[in-house]
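Beneath this line is the structure, given in structure tokens, with notes to follow.
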Amino acid sequence: MTARLVVLVSGSGTNLQALLDACADPAYGATVVAVGADRDGIAGLTRAQDAGVPTFVARVPDYPTRQAWDEGFTELVAEHKPDLVIGAGFLKLVGEAFLDRFGGRYVNTHNALLPAFPGMHGPRDALAYGVKLAGATLHFVDGGVDTGPIIAQVAVPVLDDDTEDTLSERIKEAERAQLVDFVGRLSRDGWTINGRKVIVG
């Protein structure tokens, strides 16, 4: 059975494109059935439309409250009956309604080696702290900020002359490869979550 993916984006959609490319191979075991966003006019939506994938947008300002947005966004995602929901550069924190529906199935990628450096500025914070290894973490999403059970991690050495931009670019490459690898493995082999431990297969 092919796993149904709904991918959430807020920007250029390079991780989305990597998933679309991977899904073109039937052996990958997954297909992107829809792409959702929290804003209009972004390249990620164009990538989806170019691939013939349905898209939907739910902007927070269009809802009376953040909770109403969360509930509305949850229903938009649910319409596509996903086996996995993938946060691929999606910059909005979801709420209780979303996690009640998709907890244990919502995967996010973060540009740091969690639990170090959660939040929006992983590479910058890693450089400021002086670590020698940065990297990326793939994790299931819970109610905290980058606190959910970890699926996979990849390390990226920090070079002496790194800037935030150069380190971020190297992390993005490793992050993208890890995302494609493990979304495929989750789709083909399944997973179990025992407390904080994730077992793939």
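How much net charge surrounds Leu113 when only the other residues with a Cβ under 12 Å from the Cβ of Leu113 are counted, with Lys and Arg +1 and Asp and Glu -1? Spell out each step's value before the answer.
Numbers: positive: Lys132; negative: Asp125, Asp146, Glu175.
Charge balance in the 12 Å sphere: -2.
Using a Förster radius of 22 Å, what is the FRET efficiency between Asp83 and Asp50 based on their Cβ-Cβ separation? Nearest 0.05, please. Write down the numbers at each step before the final one.
Working: r = 24 Å, r/R0 = 1.08.
Rounded to the nearest 0.05, the efficiency is 0.40.
Can you pull the one-decimal nm distance between simple spin-label points at Leu93 and Glu164, each 7 Å off the Cα toward Cβ?
Going from the Leu93 label point to the Glu164 one covers 2.0 nm.
More than 21 Å apart: what percent of Cα pairs in the chain qualify?
51
When a footprinting reagent is the concern and you count Cβ atoms within 10 Å, what order do Thr14, Thr2 take, fewest first?
Values: Thr14 17, Thr2 14.
The most exposed by this proxy come first: Thr2, Thr14.
Taking θ = phi - 60°, what integer Hz values does the Karplus form 6.51 cos²θ - 1.76 cosθ + 1.60 yield along segment 57-62, in sequence order, with x for Gly and Pro?
10, 10, 8, 3, x, 7
What does DSSP give for the chain in terms of the percent of beta bridges that are antiparallel, rounded to the nearest 5?
Values: 15 of 33 bridges.
About 45 percent, rounded to the nearest 5.
Kirkwood hydrodynamic radius, segment 59-98, all distinct C-alpha pairs: what's the number in Å? Spell out each step's value before the answer.
Details: mean 1/r = 0.0925 Å⁻¹.
Over segment 59-98, the inverse of the mean reciprocal pair distance is 10.8 Å.
Taking Cα pairs under 8 Å and at least six residues apart, what relative contact order does segment 1-102 come out at, in percent?
Values: 175 pairs, mean separation 36.9, N = 102.
Once normalised by length, the contact order is 36 percent.
Starting from the Cα-Cα distance between Ala177 and Ala27, subtract it from 0.36 nm times their residue separation and give me the gain in nm to one decimal.
Difference between extended and current length: 52.3 nm.
Please report, to two decimal places, log10 I(q)/I(0) for segment 1-102 at q = 0.13, 0.15, 0.19, 0.20 Å⁻¹ as given by the Debye formula with identical point scatterers on the Cα atoms and no solvent.
One equal scatterer on each Cα of segment 1-102 leads to -0.42, -0.56, -0.88, -0.97.
Read-outs: derived from the displayed coordinates by stated rules, not from any lab. Treat the numbers as computed from the prediction; the structure is a model and nothing was measured. For neighbour counting, all protein chains shown are included, and Cβ atoms are generated from backbone atoms with ideal geometry for every residue, glycine included.
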